[in-house]
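Chemist: Please see the structure below; I have some questions.
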Amino acid sequence: MQVALVSRARVFKALAHPSRLFILEQLTDGERCVCELTNMIGSDMSTVSKHLSVLKSAGVIQDEKRGLQVYYSLKMPCILRFFDCVGEVLETNAKEQWEIASSSKRPAARRRNGVKWPVVSH
């Protein structure tokens, strides 16, 4: 059981960087070479290669060398369902925060003799 938890943690660690999440989003449309990803991210080749290495060692992506180019693709496409789930959680949280913020803008009720009286605007 401990091995499974460590493996899961490694995958989550691999996902814990905005550039790596961006790479995975780009790979949903199909394979990409390092040069394409480098141009898209706007970082240097060594930084992008390091991100790709982290994702690959976690088993999230795979690579294939063709001539001088290395192409990357999703090895774990089910991760996209996880992204959808995270998106739903974030959306729900945002709605709840909005509701809390909206309700705190309402005038508070006054208490008199233990009874709540609404605030009346004149």
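All of the numbers you see were taken from the coordinates with simple rules; none came from a lab. Because the structure is predicted, anything quoted here is derived from the model rather than measured.
Chemist: What is the chain by shape, rounded, prolate or oblate, if you read a ≥ b ≥ c off the alpha carbon gyration tensor as root eigenvalues and call it rounded for a/c under 1.5, prolate for a/b larger than b/c, and oblate otherwise?
Modeler: Details: a/c = 4.27, a/b = 2.76, b/c = 1.55.
Prolate is the answer for the chain, as a/c is 1.5 or above and a/b outweighs b/c.
Chemist: Beyond 17 Å, what share of the Cα-Cα pairs of the stretch 7-52 is found? Please give it as a whole percent.
Modeler: Numbers: 317 of 1035 pairs.
The calculated P(r) of the stretch 7-52 puts 31 percent of pairs beyond 17 Å.
Chemist: Another question, then. Multiplying the sequence separation of Q97 and F22 by 0.36 nm and subtracting their Cα-Cα distance, what value in nm do you get? Before the final figure, lay out each step's value.
Modeler: Numbers: separation 75, 0.36 × 75 = 27.00 nm, distance 2.63 nm.
Result: 24.4 nm gained on full extension.
Chemist: Using θ = phi - 60° and the Karplus form 6.51 cos²θ - 1.76 cosθ + 1.60, what ³J(HN,Hα) does each residue of the stretch 98-104 get, whole Hz, x for Gly and Pro?
Modeler: Values per residue, Gly and Pro as x: 5, 4, 5, 5, 5, 6, 6 Hz.
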